[in-house]
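What follows draws every value from the coordinates through simple rules; no lab data is involved. This is a predicted model, so every value here is computed, not measured. Positions of Cβ are generated from backbone atoms using ideal geometry, with glycine treated the same way; all protein chains shown enter the neighbour counts.
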Amino acid sequence: MDHLPGEFIAHLKYVQAHIGHEANAYRAARLLEIQMRVGAENYVLTELDPPVMHLQPWYYGWNNDVIRHELAHIILTWSNVESHLIAEYGSREAAQPVIEAFCHQALAFLQITQPMVDQAVKKHGVSARAVRHLMRLSGASVERALHRLIQDEPDYARAGFLTSGTHIAQVSHCNLPLPFWLFERVPEPTLLFPREANATFSTMPGGLRLIGVCWG
Ligand SMILES: [Zn+2]
């Protein structure tokens, strides 16, 4: 079970590399030769070759999270990860919540491509400023940019957080703990990281939200 999230990330990156890291979800689906149809609901028929994506008219033809989510379902089916999940849970129905969670995680990878991450890290290191750089490059939210940077490689040791006022509003971990919990009240989070944590911080415009990133 533990290796499956990392395997899915590796497969996502492999598929994205195959289409030149196209960041526009609609164009990416086209490049992957997925059939796109307008329908009453949003879903994919992954068992067809090529797969067919049905989209409500207001999601068809442009770059949005609904297409990213349906694209993630197709890529999860293409990887061996979905069949492993179904075997592990005993049925597709039992595995469905986990399948949905995997596809939700994939949104950050489909919106923020590997060249964007590589460029941000080259310029700013694994840091809070790299998160801000990823937001500018991709148009993604701060939550998603933080998640993408921290979860980039399953073998790396990285962690990050976002505050809202004096509370921890989001955490993301990859083989590295943080000195507080999600939703905890932490008025001075910057004081809790020793030098060897390689911690960096950046305050968002408005002054209420602090991004923190550390690595080991
Ligand atoms: Zn879904």
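Summary of computed values
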quantity: The stretch 114-215 - Rg and Dmax from Cα coordinates, angstrom; calculated: 12.5, 36
quantity: Theoretical gain in end-to-end length, His84 to Ala40 [0.36 nm per residue, Cα-Cα removed]; calculated: 12.8 nm
quantity: Calculated over the chain: convex hull of Cα atoms, volume per residue (Å³); calculated: 134
quantity: Neighbour-count order for Trp215, Trp78, fewest beta carbons within 10 angstrom listed first; calculated: Trp78, Trp215
quantity: FRET efficiency, Ala17 to Glu188 (Cβ-Cβ, R0 45 Å, nearest 0.05); calculated: 0.60
quantity: Ranking of Leu191, Leu12, Leu176 by count of other Cβ atoms within 10 Å, fewest first; calculated: Leu191, Leu176, Leu12
quantity: Once exposed loop GluC sites (Glu not before Pro) are cut out (DSSP; at most 15 other Cβ, 10 Å), longest piece of the chain; calculated: 48-183
quantity: Residues His73, His11, sorted so that the one with the fewest Cβ neighbours within 10 Å comes first; calculated: His11, His73
